[in-house]
1. So what is the 222 nm mean residue ellipticity for the chain from helices alone, if each DSSP H run of at least 4 adds -39500 (n - 2.57) and you divide by all residues, rounding to the nearest 500 deg cm²/dmol?
2. State the answer as a single residue: which of Trp116, Ala61, Ile103 lies farthest towards the positive end of the charge dipole of the chain, with beta carbon charges of +1 for Lys and Arg and -1 for Asp and Glu, about the Cα centre.
3. Under 10 Å, Cα contacts only: if you run a Gaussian network model on the chain, which one of Gln56, Gln131, Gln139 comes out with the highest mean-square fluctuation?
4. Which helices, counted as full DSSP H runs in the chain, have an axial Cα extent of no less than 30 Å and a Kyte-Doolittle average of -0.5 or above?
5. Full extension from Gln56 to Lys80: what is 0.36 nm times the residue separation minus their Cα-Cα distance, to one decimal in nm?
6. Run the quick spin-label model on Lys142 and Val127: label points 7 Å from Cα toward the beta carbon, then report their separation in nm to one decimal.
7. Using a Cα-Cα cut-off of under 29 Å, which lysines could be cross-linked to Lys2, ignoring same-chain neighbours fewer than 8 residues away?
8. Considering amide H positions built from the backbone, and no H for Pro or chain starts, which residues 5 or more places from Leu15, or on another chain, come under 5 Å of its amide H?
Amino acid sequence: MKIVSLKCVHCGAGLEVKPDISDFACGYCGVQQQVERSGGVVALRRLEETLDDVKQGTSRAASELALRRLQADVAAICAKRDREVRALREADARNSALIGWAIIIGAIVAVVAYGWWSIPIIIGGVVFGFQFITTVTKQVKKIEANAQAQIEPLMAQIARHQSIVDSYDFGT
């Protein structure tokens, strides 16, 4: 069993490390240390540094999972917004066609029944009919504003988690 002599990373005291030890506390200053063995080289590292690396790696993994979830939430909100807007526009197109045909049929009936004297009646009917035509622009803007209000806090969280992922240095 070969014992390796090393110096404490904190106080510089001489330490003897046995091959079966992976972490220990310095007998002089009490600092927790980890024994790193690779390629025939044995070195000491403060255990707090190792724990910080584990903590940072855990934070990165949690942020990666949160990013996936948040991006899926944003995509779901956008898909819902698009479905609602599409349904609204399709309903508007059907209603506009129905109103247009009603005006045409009403004009034909008025001309047949009253002759050319029905032109003021037709114009009055068109003006009256336009009162019932509503544009979907306001409703679309309301749907889009609602979706944007839901997305904004998610985008702030995405930016925060992305900065955590980007700050991880992979031990370099």
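1. -23500 deg cm²/dmol
2. Trp116
3. In this elastic network of the chain, the residue with the biggest mean-square fluctuation among Gln56, Gln131, Gln139 is Gln131.
4. TM-like helix candidates: 47-114, 137-167.
5. Going from the current span to full extension adds 5.1 nm.
6. My value for the distance between the label points is 2.9 nm.
7. In chain and number order, the partners are Lys18.
8. Sorted by chain and number, the residues that satisfy this are Leu6, Lys7, Cys8.
Where a number appears in this text, it was derived from the coordinates with a stated rule and is not lab data. Note that this is a predicted model, so its numbers are computed, not measured. With ideal geometry, Cβ positions are generated from the backbone for all residues, glycine too; neighbour counts draw on all protein chains shown.
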